[in-house]
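One structure is given below, encoded as structure tokens.
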Amino acid sequence: MTIGIVVFISLAGTTVGIMAALAGGAVEQSFMRFLDVVLAIPSMVLVLVMVSIFGNGIVTTTIAIMSVSWITYARISHSLVLEFRESNFIKQAHMGGVGSVRILFKYVLPNVFPHIIVVATQDFGDKLLLLSSLSLLGLGAQPPTPEWGYMLSEGKQFMQRAPWLLFYPGFLIFIHVIMFNLLGDRLQDILDPKET
């Protein structure tokens, strides 16, 4: 579930950010200011408001998380495209008669996607924690759907007699978050060696 959420929001946000950067002018400025306003509000608060309005459940929670989380990818891809748009090799390609679509697919996207892949890999842990915390509060997955946050919620009442009911889901959440963060760091080293 988390992988699907991150793949969707990374593709959607990257597409929107690239389109805004290529549009330029007043459209770009107004859209980016709107994203700044939305980013000023914590995502957990926005997700809680959406879930409280539309009801709880895994589908509602997933849609709420996706509708809030794509903005980060839009901001990152927008800033990267702006950076590459002003670089010398893009200007030389324009002067050489290369079309905008070809520049986008041949020069811009190959430079944007490594950064997006690293951010998406590290975002897996964040979305896993967000889904688990919402399920812990009873707003995410409901039985019979297995979800670690809900397992933690159910295990609270047996904490004194059976602490492993809390330990194993919590430990698995911890391991997965650490694993995705380490994977993101390693991918950053591989995909962008000049940063190390």
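The values are calculated or read from the model by the stated rules, or taken from the named source; none is laboratory data. All figures in this text were calculated on a predicted structure; none of them were measured in a lab. As a convention, Cβ positions derive from the backbone with ideal geometry for all residues, glycine included, and neighbour counts pool all protein chains shown.
Structural remarks
- The condition of being closer than 14 Å to Val119 by Cα, among the small types (Gly, Ala, Ser) and touching a Ser or Thr at 6+ places or on another chain (Cβ under 8 Å) does not hold for Ser10.
- Condition check for Ser133: surrounded by 18 or more Cβ atoms within 10 Å (Cβ to Cβ) and among the hydroxyl-bearing types (Ser, Thr, Tyr): no
- Among the residues of the range 1-47, the ones that are of a type in the set (Ser, Thr, Tyr) and at pLDDT 90 or above come to 4 in all.
- For the range 144-156, filtering for residues that are free of Cβ contacts under 8 Å to residues at least 60 places away in the same chain and either assigned to a helix (DSSP H, G or I) or surrounded by 14 or more Cβ atoms within 10 Å (Cβ to Cβ) (or both) leaves 9.
- Subset of the range 157-184 (residues that are in a helix (DSSP H, G or I) and surrounded by fewer than 11 Cβ atoms within 10 Å (Cβ to Cβ)): Gln157, Trp164, Ile175
- Considering the range 122-143, the residues that are without any contact (Cβ under 8 Å) to a residue 40 or more places away in the chain and in a loop (DSSP other than H, G, I, E, B) include one that is farthest from Ile58 (Cα to Cα), namely Leu137.
- Looking only at the range 9-37, residues that are out of contact with any helix residue (DSSP H, G or I) (no Cβ under 6 Å at 6 or more places or on another chain) and surrounded by 14 or more Cβ atoms within 10 Å (Cβ to Cβ) come to 5 in all.
- Qualifying positions in the range 58-101 - within 30 Å of Ser135 (Cβ to Cβ) and aromatic (Phe, Trp, Tyr): Trp70, Tyr73
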